[in-house]
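Colleague: Quick one: the structure is below, questions incoming.
The values are calculated or read from the model by the stated rules, or taken from the named source; none is laboratory data. All values reported here derive from a predicted model rather than from experimental measurement. Positions of Cβ are backbone-derived with ideal geometry, glycine not excepted, and every protein chain shown enters the neighbour counts. Areas reflect the complete protein model, heavy atoms only, side chains present, ligands, DNA and RNA absent. Shrake-Rupley method; radii C 1.70, N 1.55, O 1.52, S 1.80 Å.
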Amino acid sequence: MDSTTLQWVLAALAFTLAGNIWLTLAVLRASRRERIAPAALVPGEPLPAVQARPLDGGPPFQPGAAGQATVLLFLASRCPKCREKLAGVEQLMPLAREAGLALWLLSEEPPRRLRAFLPSDNLRAATARLALRDYRRVNPLMSSPSYVFVNYQGQVEAAGLIGDEDWLALVGQLNAEPAQERAA
């Protein structure tokens with residue numbers, strides 16, 4: 001075997017070894033990320049500060065910032081249960097507004113997909129987009145259809161799936177207020 005051939009063989013082995021080390025490190029980094037389980041938002045803690053862009057093109061804003069009680073909703077266009085919840089959410093919007101409660105649908109999906117998913121202009125006007133990194137900060141479990149209630153101080157009051165006990169309590173409260181006003 002001549003020296004040129006030996007050099008090529010050694011270079012190929014070195015390249016293979018470097019590639020193997022790189023792949024091993026990539027697998028280790030990925031497995032380390034998977035082992036860290038996302039933590040749910042904790043009631044009483046401030047909502048992480050993130051910037052959202054309204055789907056209708058308004059200026060960026062911080063959802064759940066101190067100053068107004070807010071309901072943040074997380075619905076995904078590919079989630080059949082989420083599609084079922086849209087009509088109920090749309091019915092709650094004027095009731096929430098009358099009660100002084102901001103209601104935002106937050107998503108990390110592309111605008112075109114969101115517009116196709118949301119059947120009405122009312123829902124589109126109450127929708128904002130976040131970068132995936134920010135979306136994970138306010139919805140760390142990446143669950144849908146879900147919500148986060150934020151008080152006027154910007155602190156998390158409750159978080160869960162739409163339809164759970166806290167959600168039903170909010171719906172009952174919002175539906176009761178107009179009935180009380182009509183009776184008065």
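Colleague: In the same structural domain as Q62 (by the TED database), within 18 Å of D56 (Cα to Cα), of a type outside the set (D, E) and not in a helix (DSSP H, G or I): does that describe A128?
Modeller: yes
Colleague: Still on this structure: Please find, among L130, L101, L106, L75, the residue that is surrounded by 19 or more Cβ atoms within 10 Å (Cβ to Cβ) and over 22 Å from V171 (Cβ atoms). Don't jump to the end; show me each part of the working.
Modeller: Details: L101 fails: over 22 Å from V171 (Cβ atoms); L106 fails: over 22 Å from V171 (Cβ atoms); L75 fails: over 22 Å from V171 (Cβ atoms).
After applying the criteria, what remains is L130.
Colleague: Mind telling me which of the residues Y147, Y135 ends up being in the same structural domain as P60 (by the TED database), in a helix (DSSP H, G or I) and touching a Leu at 6+ places or on another chain (Cβ under 8 Å)?
Modeller: Y135
Colleague: Could you say which residue among A49, A87, A39 is touching a residue at least 24 places away in the same chain (Cβ under 8 Å) and small (G, A, S)? Can you show your working first?
Modeller: Numbers: A49 fails: touching a residue at least 24 places away in the same chain (Cβ under 8 Å); A87 fails: touching a residue at least 24 places away in the same chain (Cβ under 8 Å).
Step by step, each of A49, A87, A39 is checked, and only A39 is touching a residue at least 24 places away in the same chain (Cβ under 8 Å) and small (G, A, S).
Colleague: If E84 satisfies every condition in (1) outside any loop (DSSP other than H, G, I, E, B); (2) open to solvent by less than 70 Å² (accessible area, probe 1.4 Å) but one, which is the exception?
Modeller: Checking E84 against (1) outside any loop (DSSP other than H, G, I, E, B); (2) open to solvent by less than 70 Å² (accessible area, probe 1.4 Å), the one that fails is (2).
Colleague: Follow-up. Determine whether P63 is assigned by the TED database to the domain that holds V148, assigned to a loop (DSSP other than H, G, I, E, B) and touching a residue at least 60 places away in the same chain (Cβ under 8 Å).
Modeller: Yes: the conditions hold for P63.
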